Amino acid sequence: MNTGCILIIEDEPALVRGLRDSFTSKGFEVLAAQDGATGIDLALTKNPDLILLDIMLPRVNGYEICRTIRERGIETPIVMLTAKGQEEDIILGLNLGADDYIAKPFRIGELIARVNAFLRRARAKQAEVFRFGDFELNLTAHKLFRHSREIEMTPKEFRLLAYFVSRRGCALARNDILNAVWGHSIMVTSRSIDRCVATLRAKIETDPREPIYIQTIRDIGYRFEAGGDC
Ligand code: CA
């Protein structure tokens, strides 16, 4: 069974070996590059389904790889492999077009689950109606329903939720949310996002203090988790 093709760009041979064995045993095809130039070449020519990207690489680092891949118009999901406690590095990577990150050392089971979720979403068609929990978000009608009852939302709340849904499972830096939802208005700050998230949580979370959908990523931003298969 071939469940997808993963490109690993990582210079540590033992880690590459471990990842290759784990993903191969789960039915993935695995490509690996130990330096940036080879990584970019494989990303552009082999059309992988997902890229695992180390940041600290010889010669061309992970950020440059990320930027180059996105500049070429390739939208393959990119999950960065980062060291712990490097929030600024993570934000930079997300701003350059990475979709998510996982901090080393990580559990391989968690990484595989994350990868599988990305691949499922990529394969799902762009639905007009998106369901999560008891909710149904209708992207055409610009309406949110819970058990068929409409929930009143402001246009900003709707745009924020629609953006979260379109990027579900991704780590989203505040800056990226701001640009996507508020545009380039100079009157808004990241506090505007936090306020809008708070009112949105009040409408969709059972307990806004323990959110299950809109999760806070400390020092970075937010991640929307729809739960289950989506
Ligand atoms: Ca490295």
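The values are calculated or read from the model by the stated rules, or taken from the named source; none is laboratory data. Please read all numbers here as calculations on a predicted model, not as lab measurements. Please note: Cβ atoms are built from the backbone with ideal geometry, for glycine as well, and neighbour counts cover all protein chains shown. All accessible areas refer to the heavy atoms of the entire protein, side chains included, with ligands and DNA or RNA removed. Shrake-Rupley method; radii C 1.70, N 1.55, O 1.52, S 1.80 Å.
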Could you list all residues from the range 61-78 that are touching a helix residue (DSSP H, G or I) at 6+ places or on another chain (Cβ under 8 Å), away from the ligand (no atom under 12 Å from the Cβ), farther than 17 Å from Gly169 by Cβ and open to solvent by 10 Å² or more (accessible area, probe 1.4 Å)? Tyr63, Glu64, Thr68, Arg72, Ile74
Sort through Tyr63, Tyr101 and tell me the only one that's closer than 29 Å to Arg218 by Cα and in contact with a Ser or Thr (Cβ under 7 Å, 6 or more places away or on another chain). Tyr101
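One line per residue, one yes/no per condition, for (1) part of a loop (DSSP other than H, G, I, E, B); (2) surrounded by 18 or more Cβ atoms within 10 Å (Cβ to Cβ):
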| residue | (1), (2) |
| --- | --- |
| Phe130 | no, yes |
| Glu136 | no, no |
| Lys156 | no, no |
| Arg159 | no, no |
| Asn179 | no, no |
| Ile186 | yes, no |
Scanning the range 184-230 for residues that are over 26 Å from Lys84 (Cβ atoms) and among the hydrophobic types (A, V, I, L, M, F, W, C) gives Ile186, Met187, Val188, Cys196, Ala198, Leu200, Ala202, Ile204, Ala226, Cys230
Can you go through Ala171, Ala103 and tell me which one is open to solvent by less than 70 Å² (accessible area, probe 1.4 Å) and outside the structural domain of Ile78 (by TED's automatic domain parsing)? Ala171
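Only one of these is within 13 Å of the ligand (Cβ to nearest atom) and open to solvent by 10 Å² or more (accessible area, probe 1.4 Å): Leu57, Leu31, Leu53, Leu81. Name it. Give the steps one after another, and end with the answer.
On the way: Leu31 fails: within 13 Å of the ligand (Cβ to nearest atom); Leu53 fails: open to solvent by 10 Å² or more (accessible area, probe 1.4 Å); Leu81 fails: open to solvent by 10 Å² or more (accessible area, probe 1.4 Å).
None of the other options fit; the residue is Leu57.
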Of (1) in a helix (DSSP H, G or I); (2) surrounded by fewer than 16 Cβ atoms within 10 Å (Cβ to Cβ); (3) in contact with a Cys (Cβ under 9 Å, 6 or more places away or on another chain), Glu110 satisfies every one except (3)
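Which members of the range 38-47 meet the condition of being more than 15 Å from the ligand (Cβ to nearest atom) and either touching a Lys or Arg at 6+ places or on another chain (Cβ under 7 Å) or closer than 10 Å to Ile9 by Cβ (or both)? So that I can check it myself, show each step before the final result.
Step one: list which residues in the range 38-47 are more than 15 Å from the ligand (Cβ to nearest atom), which gives 40-47.
Across the range 38-47, the qualifying residues are Ile40, Leu42, Ala43, Leu44.
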Cross-chain or 6+ apart pairs with Cβ under 9 Å, the range 30-46 first and within 18 Å of Arg20 (Cβ to Cβ), then aromatic (Phe, Trp, Tyr): Val30/Phe23
Ile220 is checked against (1) in contact (Cβ under 8 Å) with a residue 12 or more places away in the chain; (2) farther than 17 Å from Asn95 by Cβ; (3) open to solvent by less than 60 Å² (accessible area, probe 1.4 Å); (4) aliphatic (A, V, I, L, M) and fails just one. What number does that condition carry? (2)
